[in-house]
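Only one structure is covered here, and it is reproduced in the block below.
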Amino acid sequence: MSNLNRNIQPDINLVDRISLVKPVFERMDNGIPVYLIDTAQQDLIKIEFMFSGGSWYETKKLIANFTNRMLKEGTPSMSSRDIADRIDYYGAHLETSSDKDMGYVSLYSLNKHLDKTLPVLAEIIQSPVFNQKELDTLKQNRKQHFLVNNEKVRYLAKRKFNELIFGKGHPYGKVFSSEDFDQISRNDLVSFHNQFYTAGNCKVIAAGKIPGNLLSLLNKYFGNFSGNVSQQPILPAIDMINPEDKKAHLVKKNAVQTAIRVGKVLFNKTHPDYVRLKVLNTILGGYFGSRLMSNIREDKGYTYGIGSAIVSLHHSGYFFITSEVGSDVAQDAIREIYHEIDHLRQEKVPQQELDLVKNYILGSFLRSNDGAFAQADNFKSLLEYGLDYTYFDHYIEIVKAINTGEILDLAQQYLDPESLRLLTVGQE
């Protein structure tokens, strides 16, 4: 038996293909599409209902989020306590969440208890009562949470940045204030729920060990679920952003740190350059060994963490760099950020660095598909954009094939400093 020489780096072998379990497509009797991903050995399932009902669709701030959060707070036959107790009794878990585009309601349950847990899921989706007392409590709690977070420069930068790049009039750019919590009414939630939490505006993904009677159970408990597809709202007029307003500073007195955000509006994952740009972004700031981390954290010691990302939204997308640094070194950190951007635009990335990043990206992709629930999340990321599994094949092919010349071209095309907006939050 030979000893392993740890002084010699092992060969890098890039992922060739990845084998994914493709969902089986079914429909409930009322037309709701159901996608079944049967991969697990354990007697456990996740059933997720997806609704096109994120903040993009709201005409009043915070309504989408509050509607989603209030689903578990009572139905005609169960109080919020009853719902929690029943779900806990059967070792299940209910989860609600929403983002800029979607609203989600998920049930994690043992298959043997589905006949007990599915009725709870069905009732909170179809018949929430939006109890006024529960709503008042949620408003108070969320407002207090907002006020606490509003003292943090990172939170302020995250909120303000979208307004800076999209404009105040755009659904992705709107920012709520503490007063907006007081304006939420029960009627707002009822109206939003009636419009967007409907059978015609719904898709279902079930992942885990799929029982043979799942479709019949769904028909049993969701057979009366009805409603048409919600109409797209009329897009408000988008603020015209003055090209000269590329920089903005939000004053936070006595702040020890300065939050920095640099970025721009881009596109979503349906764009042909999206995957290539993810490779470029990873080199710049998308993993712990990135250039921004190596320079601004490891070399200069200006921050504990800095990174960059590309965000895909249903109707747009954006790129951003984010960090918090000591106020005394904020300008130095910004200078180094633009230095790393300029470096990518002026010189080709060394082949060895690109190979390392490719290996990291493909390895991360493999890990992101580990398990039934993870595969369901990745399928969801396709379903929401009208994509199919060939997208993942192309993803792997593009990452493997991209070369240093393409990286240079992408940086010159998309990372022009004149196209980037800079936001800082901190002392004057």
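Laboratory data are not the source of any read-out in this text; all were calculated from the coordinates shown. These numbers come from a predicted model, not from an experiment. Here the Cβ positions follow ideal geometry from the backbone for every residue, glycine too, while neighbour counts run over all protein chains shown.
Evaluate the charge dipole of the chain about its Cα centre and quote only its size in Debye, nearest 20, assuming +1 on the Cβ of each Lys and Arg and -1 on the Cβ of each Asp and Glu. Could you put the intermediate results ahead of the total?
Details: 49 positive and 51 negative charges, 128 e Å.
Using Cβ point charges on Lys, Arg, Asp and Glu, the chain gives about 620 debye.
Considering only Cα-Cα distances, which of the following residue pairs are longer than 18 Å: LYS139/LYS252; LYS60/LYS174; LYS158/LYS278; LYS160/LYS264; LYS60/LYS264; LYS158/LYS358? Let's see the in-between values first.
On the way: LYS139/LYS252 25 Å; LYS60/LYS174 10 Å; LYS158/LYS278 21 Å; LYS160/LYS264 13 Å; LYS60/LYS264 26 Å; LYS158/LYS358 29 Å.
The pairs that break the limit, which is 18 Å between Cα atoms, are LYS139/LYS252; LYS158/LYS278; LYS60/LYS264; LYS158/LYS358.
So which GluC sites (Glu not before Pro) in the range 297-384 pass both tests, a DSSP loop state and at most 12 other Cβ atoms within 10 Å of the Cβ?
On the way: sites: GLU298, GLU324, GLU336, GLU340, GLU347, GLU353, GLU384; in loops: GLU347, GLU384.
Answer in residue order: GLU347.
What is the chain's relative contact order, in percent, from Cα pairs under 8 angstrom and six or more apart in sequence?
21
Expected output is a single nm value to one decimal: the length gained when fully extending between LYS247 and TYR155, i.e. 0.36 nm times separation in residues minus the C-alpha distance. What is it? Intermediate results must be reported in sequence, preceding the final value.
Working: separation 92, 0.36 × 92 = 33.12 nm, distance 1.81 nm.
Additional length available on full extension: 31.3 nm.
When the Cα centres of the range 125-179 and the range 296-373 are compared, how far apart do they sit, in Å?
Here the answer is 27 Å between Cα centres.
Out of SER294, THR117, ILE184, whose Cα points farthest toward the positive end of the dipole of the chain (charges: +1 Lys, Arg; -1 Asp, Glu; placed on Cβ)?
Of the listed residues, the answer is ILE184.
Hey, with R₀ at 35 Å, roughly what FRET efficiency would ASN213 and ASP393 work out to, going by the Cβ-Cβ distance, to 0.05? Mind showing how you got there, number by number?
Details: r = 34 Å, r/R0 = 0.96.
So the FRET efficiency works out to roughly 0.55.
How high is the FRET efficiency from ARG186 to GLU298, r the C-beta distance, R0 35 Å, rounded to 0.05? Spell out each step's value before the answer.
Values: r = 52 Å, r/R0 = 1.49.
For R0 = 35 Å, the calculated efficiency reads 0.10.
How high is the relative contact order of the range 247-426? Use alpha-carbon pairs under 8 Å, at least six apart in sequence, and give a whole percent.
Details: 255 pairs, mean separation 68.4, N = 180.
Computed value for the range 247-426: 38 percent relative contact order.
Which residue, chosen from PHE166, TYR197, LEU344, occupies the Cα position most advanced towards the positive end of the dipole of the chain, where the dipole is computed from +1 (Lys, Arg) and -1 (Asp, Glu) charges on Cβ about the Cα centre?
So the residue furthest toward the plus end is TYR197.
Between HIS271 and ASP82, what FRET efficiency follows from the Cβ-Cβ distance if R0 is 35 Å, with the result rounded to 0.05? All intermediate terms of the calculation are to be shown ahead of the outcome.
On the way: r = 47 Å, r/R0 = 1.34.
My answer for the efficiency is 0.15.
Can you give the helix-only mean residue ellipticity at 222 nm for the chain, where every DSSP H stretch with n ≥ 4 adds -39500 (n - 2.57) and the sum goes over all residues, rounded to the nearest 500 deg cm²/dmol?
On the way: 14 runs with 164 residues, N = 428.
So the helix-based figure for the chain works out to -12000 deg cm²/dmol.
Kindly express, to the nearest 10 degrees and within the range 0 to 90, the angle between helix 330-346's C-alpha long axis and the longest C-alpha principal axis of the chain.
With both axes taken from Cα atoms, the answer is about 80 degrees.
Points 7 angstrom from Cα along the Cβ direction at ASP416 and LYS133: gap in nanometres?
6.1
If you keep only loop residues by DSSP, which chymotrypsin sites (Phe, Trp or Tyr not before Pro) in the range 285-371 have at most 13 other Cβ atoms within 10 Å of their Cβ? Could you put the intermediate results ahead of the total?
Working: sites: TYR287, PHE288, TYR302, TYR304, TYR318, PHE319, PHE320, TYR338, TYR360, PHE365; in loops: TYR287, PHE288, TYR302, TYR304.
Sparse-neighbourhood loop chymotrypsin sites (Phe, Trp or Tyr not before Pro): PHE288, TYR304.
Rounded, prolate or oblate: which fits the range 55-110 when a ≥ b ≥ c are the square roots of the eigenvalues of the alpha-carbon gyration tensor, with rounded for a/c under 1.5 and prolate only if a/b beats b/c? List each step's numbers first, then the result.
On the way: a/c = 4.13, a/b = 1.84, b/c = 2.24.
Verdict is oblate for the range 55-110.
For a quick check of your reading of the filter: which GluC sites (Glu not before Pro) in the range 134-201 sit in a DSSP loop and have no more than 14 other Cβ atoms within 10 Å? Don't jump to the answer; show the numbers that get you there.
Values: sites: GLU134, GLU151, GLU163, GLU179; in loops: GLU151.
Of the GluC sites (Glu not before Pro), the ones in loops of the range 134-201 whose Cβ has at most 14 other Cβ atoms within 10 Å are GLU151.
Once you have a ≥ b ≥ c as the square roots of the Cα gyration tensor eigenvalues for the range 24-222, tell me rounded if a/c is under 1.5, and otherwise prolate or oblate according to whether a/b is larger than b/c. Could you put the intermediate results ahead of the total?
Values: a/c = 1.98, a/b = 1.69, b/c = 1.18.
Here the range 24-222 falls in the prolate category.
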